[in-house]
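Undergrad: Pasting a structure here, questions to come.
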Amino acid sequence: MPISDLFSISGKTALVTGGSRGIGLMIARGFVESGATVYISSRKADVCEQVAAELSQSGTCVALPADLSTEDECRRLAGEVTERTGGRLDILVNNAGATWGAPLADYDEAAWERVLALNVKGVFHLTKFLVPALQAAGTADEPARVVNIGSIDGIHVPILETYAYSASKAAVHQLTRHLARALAPTVTVNAIAPGPFESKMMAATLESFGEQIAASAPLKRIGRPDDMAGTALFLTSRAGAYLTGAIIPVDGGIATVG
């Protein structure tokens, strides 16, 4: 392969969950502009359709709304994707997620269930149902790719009281390793562990503490969309074909050398 094609995903087909905003949108936009056919899902159908229409100005993007907090919805979305793609899927990005913060004494069962249902069970069930399509597309030489979106909060202890979120992301990291072993050699499974990026989930935190967070990072800034898109392109192109079971912090060094 020419070095100029090393990071190419042109012609591949991808599903990005939670692809209508934040990190999912950063990745979906990067994929579309790189020549992939991209399906995005999110709970809000109108927003999903609007974003897909916007991204389609640069390539091919299709909205498939879904609430991935239930096994039935994961099964339905997997079935729809499989039907539309002829039974083959090159790339799955499990990004859809939720967070919740509350003092320890007030952290109840409903908060835990809400976060874990989407962040962990949704990742597992959707991947499970899409394994046949991924295996149909992948080979040992050019595997299909699963990219799970974890968090640096699953690596270090966050300052905020987001107990279910940090626990769920640590679970996603271990689930990534487990699936990587189970699905090799025709499917790779890796995780990106983002630090602070501008997103709806991070908006309130960055508004209150953005300058301090940037100052505390060894690289002295908040993450940009191209930082996230670049890492996703590496993992899903020929450049990342020999990597599986890895958790990659994309955080300006906060969790690793901060």
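Just so you know, all these numbers are worked out from the coordinates, no wet-lab data involved. Just so you know, these numbers come straight off a predicted model, no measurement behind them. Please note: Cβ atoms are built from the backbone with ideal geometry, for glycine as well, and neighbour counts cover all protein chains shown.
Undergrad: Find the relative contact order for the stretch 3-248 and round it to a whole percent, using C-alpha pairs within less than 8 Å whose residues are 6+ positions apart.
TA: In percent, rounded to a whole number, it is 21.
Undergrad: Residue 44: which lysines have alpha carbons under 17 Å from its alpha carbon, excluding same-chain residues fewer than 8 sequence positions away?
TA: Partners found: 200.
Undergrad: Output the Kirkwood hydrodynamic radius of the chain, Cα pairs only, in Å rounded to one decimal.
TA: 18.2 Å
Undergrad: While we're here: Which one of 92, 170, 55 is farthest out on the positive end of the charge dipole of the stretch 3-248, using unit charges on Cβ (Lys, Arg +1; Asp, Glu -1) and the Cα centre as origin?
TA: Ranked along the dipole, the leading option is 92.
Undergrad: Quick one: among 199, 42, 69, which has the greatest mean-square fluctuation in a GNM of the chain with alpha-carbon springs under 10 angstrom?
TA: 199
Undergrad: In degrees from 0 to 90, rounded to the nearest 10, what is the angle of the helix 45-55 Cα long axis to the longest principal axis of the chain?
TA: Taking the Cα atoms of the chain, the angle to 45-55 is about 60 degrees.
Undergrad: Between residue 109 and residue 4, what length comes free when the chain is fully extended (0.36 nm per residue of separation minus the Cα-Cα distance, one decimal in nm)?
TA: Full-extension gain reported as 32.7 nm.
Undergrad: How large is ³J(HN,Hα) for each residue in the stretch 158-170, as worked out from phi by the Karplus curve 6.51 cos²θ - 1.76 cosθ + 1.60 (θ = phi - 60°), to whole Hz, x for Gly and Pro?
TA: Those phi angles translate into x, 6, 6, 8, 10, 4, 5, 5, 5, 5, 5, 6, 4 Hz.
Undergrad: Let me ask you something else. Which number do you get for Rg(Cα) / (2.2 N^0.38 Å) in the stretch 46-97?
TA: This ratio for the stretch 46-97 stands at 1.20.
Undergrad: OK, next. What aspartates and glutamates could a cross-link reach from residue 128, if we take a straight Cα to Cα line under 18 Å and drop same-chain neighbours fewer than 8 places away?
TA: Candidates past the 8-residue exclusion: 67, 71, 72, 73, 80, 83, 90.
Undergrad: Take the Cβ-Cβ distance between residue 46 and residue 224 as r, set R0 to 25 Å, and report the resulting FRET efficiency rounded to the nearest 0.05.
TA: Efficiency for this residue pair is about 0.35.
Undergrad: Moving on to the next point. Could you calculate the FRET efficiency of residue 33 with residue 102 from 1/(1 + (r/R0)^6), where r is the beta carbon distance between them and R0 is 41 Å, rounded to 0.05?
TA: 0.60
Undergrad: Tell me the mean residue ellipticity at 222 nm calculated for the chain from its helices only (DSSP H runs of n ≥ 4, each -39500 (n - 2.57), averaged over every residue, nearest 500).
TA: It lands at -13500 deg cm²/dmol.
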